[in-house]
Amino acid sequence: MTDRYAVIGNPIAHSKSPQIHAAFAKQTNQDISYEAVLAPLDGFEATVRELIKQGYKGANVTVPFKFEAYDACHQHTERAFVAGAVNTLSFNGGHIAGDNTDGVGLVNDIKDNLKHALGDARILLLGAGGAAQGVLLPLLNALPASITIANRTLEKAQRIAKKSSSATIVSANTFEALQGQFDVIINATSAGLSDSALPISNSIFAKSCLAYDMMYGRETPFMAQAKTAGAQVADGLGMLVEQAAEAFYIWRNVRPQTAPVIKLLRSA
Ligand code: NDP
């Protein structure tokens, strides 16, 4: 019997996840189906209950439901707990287990695909929303020298920094007050969606800096600025495929190869 999975979001038509999981299934000979499911904005829980009733084995969760997904779970992994958000649900009867694969997806993309070291790096994380919160623990696990979280609303950055147990290497700041240089700068804001530039100086990009924008599909003002400042620039497509690979591994206990799938999406 084919095992069924889905990605739940609103909107969801744009999602590349069905294409990614179909490619993983083909590559690893796994008999699964995976579809995009649009949940009403006030109907996330009902949608999950319906999928469980229909015998689905699991689901990915995307905007705007990652926090509701956290609340719907009976059990969380440590990385989901620290993130306070869930993007991968596993169903076992009525029991729902939640994980968050966004952070490990980002770290794997930076280390394995982009070949950029995170150990001992001075990392700057721009933004303090769900995505920033989700990647903090996996970034800390990569043993950087420091992580500075900068956000338009300083209190949110301070709250996340405080929540982390590695208080000595994690700090919070505004964009305008940033000083010094960074080896890895990750844009986890959604400023690119409205083509807005961030009030950061070109001087913060260290020599051989990796500038990573979690957005994908087009060049953001952050990416354009980083290019001008001489940084190596990457978008979030690799992260998208890597977080999906981790979810696939959780569900199927098989690790798919990501490089051919990233290549496939880039050429599409
Ligand atoms: P949230 O809505 O939770 O957070 C948005 C963040 O962006 C906040 O820190 C907000 O600041 C900041 N922000 C928004 N607009 C501006 C602006 N004009 N100038 C400065 N800061 C701004 O979103 P998420 O954290 O869920 O997502 C952030 C981005 O990451 C999105 O673009 C999303 O697509 C991407 N993403 C990519 C993934 C991938 O697999 N590649 C996975 C997950 C996310 P403030 O707190 O002040 O409002």
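With just the Cα atoms of the range 73-184, tell me how far they stretch along each of the three principal axes, in Å, largest first.
52, 33, 21
For the range 184-268, state the semi-axes of the equivalent ellipsoid (square roots of 5 times the eigenvalues of the alpha-carbon gyration tensor), sorted largest first and rounded to whole angstrom.
Working: eigenvalues 157, 35, 28 Å².
Equivalent ellipsoid of the range 184-268: 28, 13, 12 Å, largest first.
Just to be sure I understand: of the beta bridges DSSP finds with both ends in the chain, what percent are antiparallel, rounded to 5?
Values: 8 of 42 bridges.
If we restrict to bridges inside the chain, about 20 percent are antiparallel.
For a quick check, take a GNM of the chain with Cα springs below 10 Å and name the residue from Phe182, Phe81, Phe205 with the largest mean-square fluctuation.
Phe81
With an 8 Å cut-off on Cα pairs and a minimum separation of 6 or more residues, tell me the relative contact order of the chain in percent.
Details: 543 pairs, mean separation 42.3, N = 268.
Answer for the chain is 16 percent.
Once each part is reduced to its C-alpha centroid, what is the distance from the range 25-56 to the range 133-163 in angstrom?
Comparing the Cα centres of the range 25-56 and the range 133-163, I get a distance of 32 Å.
Looking at the chain, which longest stretch skips every one of the trypsin sites (Lys or Arg not before Pro) that is in a DSSP loop with at most 11 other Cβ atoms within 10 Å, leaving the sites themselves out?
Working: sites that count: Lys115, Arg218.
Formally, the longest exposed-site-free interval is 1-114.
Which of these, Ala244, Ala177, Ala206, has the largest mean-square fluctuation under a Gaussian network model of the chain (Cα springs below 10 Å)?
Per the Cα network of the chain with a 10 Å cutoff, Ala177 tops the list.
Add +1 for every Lys or Arg and -1 for every Asp or Glu among the other residues with Cβ under 10 Å from the Cβ of Ala234, and state the total. Intermediate values should be presented prior to the final figure.
Values: positive: none; negative: Asp109, Asp213, Asp235.
Result for the local shell: -3.
Only counting other Cβ atoms within 10 Å, I'd like Glu50, Glu246 sorted with the fewest neighbours first. Let's see the in-between values first.
Working: Glu50 13, Glu246 23.
Fewest-to-most Cβ neighbours within 10 Å comes out as Glu50, Glu246.
Which semi-axis lengths, in whole Å and largest first, follow from the square roots of five times the eigenvalues of the Cα gyration tensor of the range 119-179?
Rounded to whole Å, the semi-axes are 17, 13, 10.
Relative to the longest principal axis of the C-alpha atoms of the chain, give the angle of the C-alpha long axis of helix 130-141, reported between 0 and 90° and rounded to the nearest 10°.
The angle comes out near 80 degrees.
Based on the alpha carbon coordinates of the range 3-100, what radius of gyration and maximum Cα-Cα distance (Dmax) apply, in Å?
Using the Cα atoms of the range 3-100, the pair Rg, Dmax is 12.7, 37 Å.
Taking every DSSP beta bridge that has both residues in the range 3-100, what percent is antiparallel when rounded to the nearest 5?
40
Tell me the volume per residue, in Å³, of the convex hull enclosing the alpha carbons of the chain.
Hull volume normalised by residue count: 123 Å³.
Less than 12 Å apart at the alpha-carbon level, and either on another chain or at least 8 residues along: which aspartates and glutamates does that give for Lys263?
Correct list for Lys263: empty, as no aspartates and glutamates qualify.
Under a 10 Å cutoff between Cα atoms, tell me which one of Asn141, Asn187, Asn151 has the largest fluctuation in the Gaussian network model of the chain.
Asn141
Counting other C-beta atoms within 10 Å, which of Met214, Met1, Met223, Met239 has the fewest, and how do the rest follow? Working shown, then result.
On the way: Met214 25, Met1 5, Met223 20, Met239 29.
Ordered by Cβ neighbours within 10 Å, fewest first: Met1, Met223, Met214, Met239.
Most exposed first by the Cβ proxy, i.e. fewest other Cβ within 10 Å, how do Asp112, Asp235 rank? Could the numbers behind the result be given before it?
Working: Asp112 13, Asp235 21.
In increasing order of surrounding Cβ atoms, one gets Asp112, Asp235.
Cα axis of helix 237-252 to longest principal axis of the chain: angle in degrees, 0 to 90, nearest 10?
On a 0 to 90 degree scale, this one is about 40.
Could you sort out which of Lys66/Lys156; Lys57/Lys163; Lys162/Lys207; Lys26/Lys57 sit more than 24 Å apart by Cα distance in this structure? Each step should come with its number before you reach the end.
Details: Lys66/Lys156 18 Å; Lys57/Lys163 32 Å; Lys162/Lys207 30 Å; Lys26/Lys57 18 Å.
Pairs exceeding 24 Å: Lys57/Lys163; Lys162/Lys207.
Bear in mind that the values in this text are calculations on the coordinates, not laboratory data. Fair warning: this is a prediction, and the values are worked out from it, not measured in the lab. Because the Cβ atoms are built from the backbone with ideal geometry, glycine has one as well, and the counts that use them run over all protein chains shown.
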